[in-house]
1. Give, rounded to the nearest 20 debye, the magnitude of the charge dipole that the chain has about its Cα centre when Lys and Arg contribute +1 at Cβ and Asp and Glu contribute -1 at Cβ.
2. Stretched out fully, how many nm does the piece from Ile258 to Asp182 gain, at 0.36 nm a residue minus the Cα gap?
3. When only Cα pairs under 8 Å and 6 or more residues apart are kept, what is the percent relative contact order across the stretch 379-421?
4. Counting only protein chains, not ligands or nucleic acids, how are Asp30, Asp301 ordered by accessible area (probe 1.4 Å), most first?
5. To the nearest 10 Å², what's Asp182's accessible area with a 1.4 Å probe?
6. In the chain, what percent of the accessible surface is made up of carbon and sulfur (1.4 Å probe, ligands and nucleic acids excluded)?
7. Using only the Cα atoms of the stretch 165-216, build the gyration tensor, take square roots of its eigenvalues as a ≥ b ≥ c, and label the shape rounded, prolate or oblate: rounded if a/c is under 1.5, else prolate if a/b is larger than b/c, else oblate.
8. The stretch 152-213 to the stretch 30-48: how many Å between their Cα centroids?
Amino acid sequence: MKVIKRDNTVCEFDRKKIVVALSKANEAVDFEDRVTDAQINAIADDIASRHRPRLLVEDIQDMVEEKLMELQKYQLMKSYILYRYERALVRKANTTDESILSLIKNSNKDVMEENSNKNARTASTQRDLIAGEVSKDLTRRMLLPEHISKAHDEGAIHFHDADYFLQPIFNCCLINIKDMLDKGTVINGKMIESPKSFQTACTITTQIIASVASSQYGGQSVNIAHLGKYLRRTREKYAKQCDEKFGDRLDAAAKKEIVDMRVSESLKAGVQTIQYQINTLMTTNGQSPFVTLFMYLDENDEYIEENALIIEEILKQRYQGIKNEKGVYVTPAFPKLIYVLDENNCLKGGKYDYLTKLAVKCSSKRLYPDYISAKKMRENYEGNVFSPMGCRSFLSPWKDEEGNYKFEGRFNQGVVSINLPQCGILAKGDEKKFWEILEERLNLCYEALMCRHNALMGVTSDVSPVHWQYGAIARLQPGEKIDKYLLDGYSTISLGYIGLYEVTKLVKGVSHTEKEGAEFALKVMKSLRDHCEKWKKETGLGFGLYGTPAESLCYRFARIDEKRFGTIPDVTDKGYYTNSYHVDVRENIDAFSKFTFESQFQKISSGGAISYVEIPNMRHNLTALEDVVKFIYDNIQYAEFNTKSDYCHVCGFDGEIIINDDNEWECPVCHNKDQRKMNVTRRTCGYLGENFWNVGKTKEIKARVLHL
């Protein structure tokens with residue numbers, strides 16, 4: 001038998017541990033209350049003979065207590081329970097030593113792989129991760145109710161970002177960059193006045209981004225439309241200088257040419273500042289700022305022409321990429337880019353279609369930008385178009401005292417996610433039982449989310465001046481409480497979910513893409529949404545349903561359930577659960593059908609949702625990509641592209657790996673020929689799957705025609 005320990009590791013069943021525990025309990029009671037050595041061995045043998053494939057430690061201990069009850073050894077049973085309790089106290093006394101030491105030794109795989117944006121081998125990042133381990137330990141042992149910690153450890157729910165819960169900070173936000181640029185701000189105790197030029201505005205923006213990132217743990221978004229004003233100021237400044245210098249010696253056309261040239265240089269330098277500053281800055285949490293640039297050409301914006309120029313330059317520089325340490329242009333992780341499709345640029349003859357074509361070209365090489373349909377977003381958010389916080393968490397519409405919608409300067413308090421497949425596993429095909437379990441688990445999620453909220457109540461503005469005193473969120477006085485921004489729906493608090501596909505398979509026996517499965521899946525989603533609305537009505541807090549973007553959580557939940565319940569076909573056997581409402585990657589479905597199907601779930605998951613399609617050979621498929629982008633505008637609110645691409649792990653080149661004259665794979669930049677240091681997906685037979693190691697330990701392509 002396999003035994004699942006409290007930390008979710010698995011070990012072989014060892015009957016001696018039962019014997020030792022009972023013997024110690026035996027010594028603590030009077031002679032007449034003891035059991036004999038033979039009875040102790042009989043209890044151990046009885047449990048060993050059950051031959052269950054997997055047992056929780058707690059299950060074994062419960063079985064021991066049942067056997068003592070049958071023997072009417074009540075005092076001994078109390079002693080055994082006390083022994084269990086004392087052992088639990090010992091475990092709670094110090095639970096971080098091993099995790100921290102393994103982190104320093106680079107062997108703590110869970111922590112090292114939890115955030116792909118952090119290099120867990122560097123000292124500065126390790127310092128943050130060590131603090132995170134302490135926070136998780138205190139959160140589990142002292143800050144959360146025991147049943148919430150237990151539910152998290154057992155994978156019933158996931159209490160996100162416990163590594164920051166010890167501190168009074170929140171998740172993600174939309175920076176009120178307009179207010180900070182127009183009115184000035186303060187960073188590290190130094191006054192930053194309103195900028196007079198585009199380049200200065202870009203520099204200040206990156207300083208704000210870095211400061212904000214250091215005082216929260218989630219993503220942030222900046223609407224670059226607020227930079228348009230400063231590009232116009234730069235043009236006006238250059239035009240004035242040109243007039244003063246040349247007077248009547250140059251005609252208007254020549255002056256304009258000079259001004260255009262200087263503005264173009266400033267534009268390029270300013271955007272380059274944003275791109276390189278974000279990628280070279282290191283925040284106090286050990287990574288580059290997790291920031292998204294929101295690119296929206298609003299017809300009501302007086303600076304729309306300037307914004308079109310800024311968007312064009314951002315896309316050009318992202319297409320080019322950033323040089324890595326080898327001098328090779330690679331795709332930077334940040335900033336994330338979101339491009340909004342509207343009537344003026346949805347590839348239907350609009351004025352700014354040329355920008356969308358450039359965006360598609362950029363996506364084909366760099367995977368970004370993602371795309372938001374202004375048309376569909378207006379349908380779902382009371383006519384509004386606004387950026388997600390970070391890249392996927394959306395606010396709910398909220399109006400200020402004057403009745404105006406407000407989005408920038410708002411934030412998310414935190415996230416708790418529910419493991420839907422585990423509800424289905426425990427229901428064992430009984431739909432009525434499933435709904436009972438779901439209700440129980442949602443009540444747990446509510447309690448956990450209220451822990452998030454209550455941890456922020458009473459916090460003062462001094463905890464993060466850049467957020468609360470200097471404009472990113474508010475302009476409170478020192479010592480003033482932030483409570484009013486936690487109430488009345490100003491900020492959101494999110495219920496996440498994982499595995500809608502798997503729970504549908506478990507309860508209905510079919511995929512949620514089939515008619516019967518889709519009806520059930522939509523019913524589950526509406527139940528999640530209804531609970532959020534009920535909680536919102538009862539508390540006045542901004543609860544929202546969030547299509548959880550935490551890919552690592554898809555693996556964590558599946559790993560826990562596989563250890564606990566064994567291998568379940570098409571559920572735990574894959575090693576992952578599907579993210580939120582997504583169609584399972586193994587289903588044969590085209591991009592248009594996938595977006596059409598998933599769009600119905602995005603409407604319900606208004607607290608955050610994104611859909612993606614994987615398209616092969618994107619760089620040679622621009623026409624097809626443009627067709628998909630047109631389709632996005634009319635059919636789905638938020639979407640992104642994925643693809644499999646060649647990559648050299650020696651120099652970072654992510655172009656097309658060549659086959660040289662000797663019929664070897666070779667990087668065209670560093671000329672690496674070691675196939676183990678390359679990820680190559682385009683081959684002679686056209687196979688686009690993953691590489692694998694064959695019996696001879698040679699890396700092959702898993703193809704049915706050729707084996708290279």
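The values are calculated or read from the model by the stated rules, or taken from the named source; none is laboratory data. These numbers come from a predicted model, not from an experiment. Ideal geometry is used to build each Cβ from the backbone, glycine not excepted, and the neighbour counts take in all protein chains shown. All accessible areas refer to the heavy atoms of the entire protein, side chains included, with ligands and DNA or RNA removed. Shrake-Rupley method; radii C 1.70, N 1.55, O 1.52, S 1.80 Å.
1. Numbers: 98 positive and 101 negative charges, 204 e Å.
Computed charge dipole of the chain: roughly 980 debye.
2. Full extension of this stretch gives 24.5 nm more.
3. The value is 26 percent.
4. Asp30, Asp301
5. Rounded to the nearest 10, that gives 50 Å².
6. The nonpolar share, carbon plus sulfur, comes to 50 percent.
7. Working: a/c = 2.47, a/b = 2.07, b/c = 1.19.
Prolate, because a/c is 1.5 or more and a/b exceeds b/c.
8. 62
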